[in-house]
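K.L.:
Attaching a single structure in structure tokens format; questions to follow.
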Amino acid sequence: QVGLVESGGGLVQPGGSLKLSCVGSGQTLGNYRITWFRQPPGKEREFVATITTAGIQTYYADSVKGRFTISRDNAKNTVSLQMNSLKPEDTAVYYCARYFRGTATLVQAYDFWGQGTQVTVSS
């Protein structure tokens, strides 16, 4: 069965770090652009970071630039999101998604989504 599975979320204090992972099942993630989105409580899902198939190009939302790093290990069929200097406003459910077509920062451009992993930044 084709799917994406996120892991690595949790509760962390402001200034802390977490590393999220997205693993592909029944598919080769290396064939696709993969993107992380997040959905803060009571808000719409928003773009966080994206990485091209070979990992050569990455692009970040301004709100996370310089703090988050997206990477991929195609041999392990995994895309990761290293999150440093976390802030309370980073609290959200984080999703990875497989690109289909269209503008890569928009939710509508993706055809497969993981179930999400909760990240809570609080003291």
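K.L.:
Go through region 20-52 residue by residue and tally those that are open to solvent by 60 Å² or more (accessible area, probe 1.4 Å) and part of a loop (DSSP other than H, G, I, E, B).
P.N.:
Total meeting the criteria: 9.
K.L.:
A further question on this structure: Tell me which of these Tyr99 doesn't satisfy, since it passes every other one: (1) touching a residue at least 24 places away in the same chain (Cβ under 8 Å); (2) more than 13 Å from the chain's Cα centre (by Cα).
P.N.:
Only one criterion in (1) touching a residue at least 24 places away in the same chain (Cβ under 8 Å); (2) more than 13 Å from the chain's Cα centre (by Cα) is unmet by Tyr99, namely (2).
K.L.:
Also, quick follow-up: State the number of residues belonging to region 87-107 that are over 12 Å from Arg38 (Cβ atoms) and touching a Gly at 6+ places or on another chain (Cβ under 9 Å).
P.N.:
Initial filter on region 87-107 (over 12 Å from Arg38 (Cβ atoms)): 87-88, 98-106.
Going one step further and asking which of them are touching a Gly at 6+ places or on another chain (Cβ under 9 Å), we end up with 87, 98.
The qualifying residues number 2.
K.L.:
Under 9 Å between Cβ atoms, which residue pairs at least 6 apart in sequence (or on different chains) link something in region 62-78 that is under 13 Å from Leu18 (Cα atoms) with a partner that is modelled with pLDDT under 95?
P.N.:
That search, which allows pairs on different chains as well, returns Ile70/Gly55.
K.L.:
What do you reckon, is Glu6 surrounded by fewer than 13 Cβ atoms within 10 Å (Cβ to Cβ) and either in contact (Cβ under 8 Å) with a residue 40 or more places away in the chain or in contact with a Phe, Trp or Tyr (Cβ under 6 Å, 6 or more places away or on another chain) (or both)?
P.N.:
Values: surrounded by fewer than 13 Cβ atoms within 10 Å (Cβ to Cβ): no; either in contact (Cβ under 8 Å) with a residue 40 or more places away in the chain or in contact with a Phe, Trp or Tyr (Cβ under 6 Å, 6 or more places away or on another chain) (or both): yes.
So Glu6 fails the test.
K.L.:
Output the number of the condition that Val64 fails; it satisfies all remaining conditions of (1) more than 30 Å from Ser123 (Cα to Cα); (2) assigned to a loop (DSSP other than H, G, I, E, B).
P.N.:
Here Val64 clears every test but (1).
K.L.:
Do you know which residues across region 1-19 are in a strand (DSSP E or B) and farther than 13 Å from Gln115 by Cβ?
P.N.:
Gly10, Leu11, Val12, Leu18, Lys19
K.L.:
Working only within region 82-112, note down all residues that are assigned to a loop (DSSP other than H, G, I, E, B), open to solvent by less than 60 Å² (accessible area, probe 1.4 Å) and of a type in the set (Lys, Arg).
P.N.:
none
K.L.:
Exactly one of (1) modelled with pLDDT of 95 or more; (2) over 14 Å from the mean Cα position of the chain (by Cα); (3) at positive phi is unmet by Gly116. Its number?
P.N.:
So the condition that Gly116 fails would be (2).
The values are calculated or read from the model by the stated rules, or taken from the named source; none is laboratory data. These figures come from a predicted structure and were not determined experimentally. All Cβ positions, glycine included, derive from the backbone under ideal geometry; neighbour counts span all protein chains shown. Just the protein is used for accessible areas: all its heavy atoms, side chains included, with ligands, DNA and RNA removed. Shrake-Rupley method; radii C 1.70, N 1.55, O 1.52, S 1.80 Å.
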